[in-house]
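The block underneath contains the structure these notes are about, expressed in structure tokens.
The values are calculated or read from the model by the stated rules, or taken from the named source; none is laboratory data. This structure is a prediction, so every number in the text was calculated from the model and none was measured. Quick note on the areas: whole protein, heavy atoms, side chains included, nothing else; ligands and nucleic acids left out. Shrake-Rupley method; radii C 1.70, N 1.55, O 1.52, S 1.80 Å.
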Amino acid sequence: MQTLYSLTEDAKALASGQPVAASKPVHKVIPIQTLTPEAEVARALQICNACRYCEGFCAVFPAMTRRLEFAAADVHYLANLCHNCGACLHACQYAPPHEFAVNIPKAMAEVRGKTYADYAWPPALGSLYRRNGLTLSLALVAALTLFLVLAVVLQGNGLGALWGAELGGDFYRLFPHNLLVGMFAPVFLFVVFALFMGVRRFWREVKPATSGADVNRPAAAEAASDVLRLKYLDGGHGSGCSNDDDAYTLQRRRCHHLTFYGFMLCFAATSLATVYHYVFGWAAPYDLPSLPKVLGAIGGVSLMLGTAGLWRLNRRRHPEHGDLQQKPMDLGFIALLFLVSASGLALWLGRGTPALALLLCLHLGAVMALFATLPYGKFAHGVFRTAALLRHNTEKRQPNPIGLGAD
């Protein structure tokens, strides 16, 4: 049986500067099968707390030094604070094949995935995180696209409505504006509410474990800066994360930036188009150089490039850098974002062609699939990580409760 070694009591003593008796056993053996994901993170962090070699890598290790014990709330907070850059794994002298088998990125990833399911709202749908994979995502896109295709065929002139119909480039002649609003607005509101309820439960658990202080303006500003710059994907030294091996690369950070800002530009384009429609009475579709079209085009290209890069990096990533069971969920989310951006650009370019109806069905099917899976997929990691960064930047402004380490 493979075994792990726990330094629980001795690590506490070492981290607090207390001597450890030479006659005292240095460690005890714990079968790996008995450790829950939270217990494995706590075990590894006790060892890290006695070593502290990785303090400069990211926010996790300075936050770790403020603790001598790691209850569930502490572990959930630190797991979501971890950006999974992989730097600490390759720097660790206790990483496998050492008998202590410390692998912080993998242990944190397992807990992180568990927190998404545990804090999901409604709780009964938390199991969807374990089922929301690449196959399900693509199948959902195909099913919704087929549903829309059948709707077009049944309400139009048979199959002829799918190709070459005289629409004049106006897709509202296929799906009226109010119908689209009626389909997407309730789903969007549910997504926002479900994510809010989930992160509220997370916040209520971790706030007492992170000083209990309220977020002030400087902490919020620094957390926003950390999020927008993806600060902790620089590996702590500015050279980036490890991916295939121990070599540093900024590709993951850059692809995340392209994906995040591409998504936000597309969202801004849709929001602005809503203002155009309801406030100014300017009906879509819009052409260049209108602002919704400019934002949508730039955002769509950025989103395509970012997700293509993330797909490549995810497929090549070293298996010890994360939880392999979450890879299908990651790839499913990446694929949906790519399909939404690619089909949106294709719809724009093909608006004056006979393929308009088919392209519109594909794009709407991809968008509906993305919305349906948002609260129970990889998208949640951005929401929970932002909350963890808010707590971190609040906590580090409070006095260190154990008087050791530095923020």
Contact order relative to length for the range 218-363, counting C-alpha pairs under 8 Å separated by 6 or more residues, stands in percent at 21
In order over the range 239-254: 3J(HN,Hα) from phi, Karplus 6.51/-1.76/1.60, θ = phi - 60°, whole Hz, x for each Gly or Pro, gives 9, x, 9, 8, 10, 6, 8, 8, 6, 8, 8, 8, 4, 5, 5, 5
With the 1.4 Å probe rolled over protein heavy atoms, the range 76-203 has an accessible area per residue in Å² of 48
For the range 89-96, Karplus-derived ³J(HN,Hα) couplings (6.51, -1.76, 1.60; θ = phi - 60°; whole Hz; x for glycine and proline) come out as 5, 7, 8, 7, 7, 10, 6, x
Judged on accessible area alone, 1.4 Å probe, highest first, 307, 353 line up as 353, 307
Against the 2.2 N^0.38 Å rule of thumb, the C-alpha Rg of the chain sits at a ratio of 1.13
Probe 1.4 Å, all chains present, heavy atoms only: residue 237 accessible area in Å², nearest 10, is 80
In the structure shown, of 114/231; 207/327; 231/293; 231/327; 327/396, the pairs separated by more than 28 angstrom at the C-alpha atoms are 207/327; 231/293; 327/396
Heavy-atom accessible area of residue 106, protein chains in place, probe 1.4 angstrom, given in Å² to nearest 10, is 70
Rounded to a whole %, the carbon-and-sulfur portion of the accessible area of the chain at a 1.4 Å probe is 65
If N is the residue count of the range 327-407, its Cα Rg over 2.2 N^0.38 Å rounds to 1.78
Relative contact order in percent for the chain (Cα pairs under 8 Å, 6+ apart) equals 25
With all protein chains in place and a 1.4 Å probe, residue 246 shows an accessible area in Å² (nearest 10) of 100
Computed over the range 355-407, protein heavy atoms only, probe 1.4 angstrom, the accessible area per residue in square angstrom equals 32
Judged on accessible area alone, 1.4 Å probe, highest first, 252, 173 line up as 173, 252
Taking every alpha carbon pair in the range 169-325 and sorting the distances into 10 angstrom bins from 0 up to the bin holding the longest one, the percent per bin comes out as 9, 22, 30, 25, 12, 1
Nearest 10, in degrees from 0 to 90: the angle of helix 104-118 to the longest Cα principal axis of the chain is 60
Within the set 68, 154, 389, GNM on the chain using Cα springs under 10 Å gives the largest fluctuation to 154
Counting only residues 5 or more apart in sequence or on a different chain, those whose built amide H sits under 5 Å from that of residue 95 are 102
Comparing 87, 369, 161 in a Gaussian network model of the chain (Cα, 10 Å), the one with the largest mean-square fluctuation is 161
In a Gaussian network model of the chain with springs linking alpha carbons closer than 10 Å, the residue among 316, 112, 43 that fluctuates most is 316
